[in-house]
Amino acid sequence: MEHVPRDDGAGRNERESPLGSEAIHDELDERAAGVARQVVAWRRHLHRHPELSNREVNTARFVADRLRVLGIDEVRTGIAGHGVVGVLRGGMPGERVVALRADMDALPVRDLCGTDFASEVVDGDYPGGPFPVSHACGHDCHTAALLGAATVLAGVRDRLPGTVLFVFQPAEEGPPVTEEGGARAMVEAGAFADPVPTMAFGLHVTPHPKGYVGYRVGNQYGASSLVRIVVTGKQTHGSTPWEGVDPMPAVGAVLTGIGQLYRQVSAFDAVTVSIGHVEDVGRFNIVGQTVTLWGTVRCAVESDMGRVQDRLTTLAEHSAAAYGATAAVEYLQSVPPVHNSGPWVEAGLPTFRRVVGEERVLEAGATLGYDDVSEFVSRFGGLYVMLGVQDAILDAAGRPVPEPGGRGLVTNHNPHFYADDDTLVTGVRLHAHVAYDHLTGALVPRDGA
Ligand SMILES: [Zn+2]
Ligand SMILES: [Zn+2]
């Protein structure tokens with residue numbers, strides 16, 4: 001095995017390249033500062049022109065055009081829908097391949113972020129729509145920051161010992177249920193067959209103090225699946241319910257029963273089932289035939305997922321039967337948890353500390369969010385971190401609280417979600433430093449991961 005220099009203490013600011021030359025971290029930072037204003041402009045353009053999952057046509061074209069302008073060796077497009085992968089081959093010999101990932105899709109959420117680049121887009125053709133569309137999850141920031149990192153790394157390609165893949169992923173938020181898409185679809189389309197990554201890295205903007213990096217050993221995000229429950233009765237006139245079977249009371253029983261599911265799974269590991277959308281084919285004077293419930297199942301531990309699904313299916317079927325109706329339950333779009341292994345975190349911490357300063361690298365709590373970057377990190381190894389982008393400070397217990405006089409804390413997917421533009425350069429630097437450190441052998445897990 002080759003010799004790999006290790007960081008032996010927290011907060012060390014510079015590491016020697018194993019190649020014998022000076023590490024070029026300062027130059028990465030200077031180049032990041034040089035592209036910072038451009039990144040903000042890209043982000044605002046993307047924010048103003050959001051596209052829903054599996055419809056990222058113009059976003060993908062925007063990304064591919066910029067990668068070509070940078071002279072990236074190869075720009076692969078149309079991967080699993082609108083995925084784009086830029087391949088940058090370093091000018092020095094090296095076997096490692098780092099995949100830097102950004103998701104590109106937006107959400108069917110009205111944009112109330114309060115900036116002059118807020119989205120006014122409405123997608124009239126999307127299944128289930130029309131929908132107002134906005135980057136309420138901040139993927140505009142991810143895409144712009146990764147384009148910035150591509151700019152930085154293309155500028156130092158002659159000193160990169162290995163390959164960088166810039167992965168712009170569609171449909172992270174989940175494609176329409178009749179379509180395939182997202183991270184797993186990119187893998188299945190062969191996007192990572194040649195070259196195969198030796199590390200994947202992703203980040204997500206989050207309501208933490210600006211410029212803070214949150215990491216977690218273990219599951220950062222939970223396992224997720226989409227649930228569709230179709231409760232079927234028998235349609236009849238609203239004045240004669242005894243002539244049919246009303247699915248509505250069965251739906252009420254299912255919704256109420258979900259509140260009891262958590263008590264049947266685990267005392268310690270969080271589970272959530274949320275029904276966010278109810279579709280009823282009835283009318284004020286018609287007892288409809290079916291009611292469809294759309295929701296999401298989240299488990300902090302993946303092994304709980306099967307049990308939760310079994311319980312929920314039983315609940316739905318039996319509740320429906322109690323009211324003379326039937327229920328069909330399906331689980332779709334399952335995503336594994338985002339898991340950071342101990343050896344990978346240990347390898348990555350010196351890099352994170354160099355980029356944002358030791359005091360701004362925090363252990364983050366696990367959440368029941370999901371991110372299908374897990375499909376990459378679990379296959380190839382690597383890391384996923386949170387990047388704070390809001391007007392927040394930490395309280396005495398280390399929890400983010402609103403900064404006095406600031407815009408407050410707003411969670412992703414909320415119409416008021418906002419991200420501070422000036423912090424995006426930190427995302428650029430994170431990507432660039434992680435990539436450089438991995439390729440030069442400074443950021444690799446000690447014992448395998
Ligand atoms: Zn999201
Ligand atoms: Zn997101």
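The values are calculated or read from the model by the stated rules, or taken from the named source; none is laboratory data. Only a predicted model underlies this, so the values are computations on that prediction, with no experimental measurement involved. Here the Cβ is made from the backbone with ideal geometry for all residues, glycine too, and neighbour counts use every protein chain on show. Accessible surface areas use protein heavy atoms only, side chains included; no ligands, DNA or RNA. Shrake-Rupley method; radii C 1.70, N 1.55, O 1.52, S 1.80 Å.
List of remarks:
- The gain in end-to-end length when the residue 73 to residue 363 segment is fully stretched comes to 100.7 nm, 0.36 nm per residue minus the alpha carbon separation.
- A Förster distance of 51 Å, applied to the separation of the beta-carbon atoms of residue 26 and residue 269, puts the FRET efficiency at 0.70.
- Expressed as a whole percent, the accessible surface of the chain that belongs to carbon and sulfur atoms is 50, based on a 1.4 Å probe.
- Helix 424-439 axis versus longest C-alpha principal axis of the chain: approximately 70°, rounded to the nearest ten.
- Mean Cβ neighbour count within 10 Å, used as a protection proxy, ranking 72-81, 46-55, 401-410 highest first: 46-55, 72-81, 401-410
- Distance (nanometres) between label positions extended 7 Å along Cα→Cβ at residue 234 and residue 399: 5.3 nm
- Amide H contacts under 5 Å for residue 136, placed H, 5+ residues apart: 107
- Surface accessible to a 1.4 Å probe, residue 262 within the full protein complex, Å²: 80 Å²
- Cα gyration tensor shape for segment 223-335, rounded if a/c is under 1.5, else prolate or oblate: prolate
- For the chain: rounded, prolate or oblate by the Cα gyration tensor [a/c cutoff 1.5]: prolate
- Neighbours of residue 370 by Cβ distance under 10 Å: Lys/Arg scored +1, Asp/Glu scored -1, total -3.
- Note on residue 260/residue 194: beta-carbon distance plugged into 1/(1 + (r/R0)^6) with R0 of 35 Å gives a FRET efficiency of 0.10.
- Inter-label distance, nm, simple model (7 Å from Cα along the C-beta direction), residue 89/residue 284: 6.9 nm
- Potential lengthening between residue 242 and residue 158 on full extension [0.36 nm per residue; Cα-Cα distance subtracted]: 22.4 nm
- Here residue 277 and residue 314 are evaluated by their C-beta separation; at R0 = 22 Å the FRET efficiency comes out at 0.50.
- Beta bridges from DSSP with both residues in the chain: antiparallel share about 65 percent, rounded to the nearest 5.
- Sorted peptide list for 332-338, 155-161, 371-377, criterion being average Cβ within 10 angstrom, highest first: 371-377, 332-338, 155-161
- Segment 322-449 shape via C-alpha gyration tensor axes, a/c threshold 1.5: oblate
- The distance linking segment 279-325 with segment 346-373 is 37 Å (Cα centroid to Cα centroid, whole angstrom).
- Solvent-accessible heavy-atom area per residue, rounded to whole Å², over segment 223-335 at 1.4 Å: 51 Å²
- J(HN,Hα) series, segment 215-229, from Karplus relation 6.51 cos²θ - 1.76 cosθ + 1.60, nearest Hz, glycine and proline x: 9, 8, 7, x, 7, 7, 10, x, 7, 9, 8, 7, 10, 10, 10
- Placing unit charges on each Cβ (+1 for Lys and Arg, -1 for Asp and Glu) gives the chain a dipole about its Cα centre, and among 170, 136, 155 the Cα reaching farthest toward its positive end belongs to 136.
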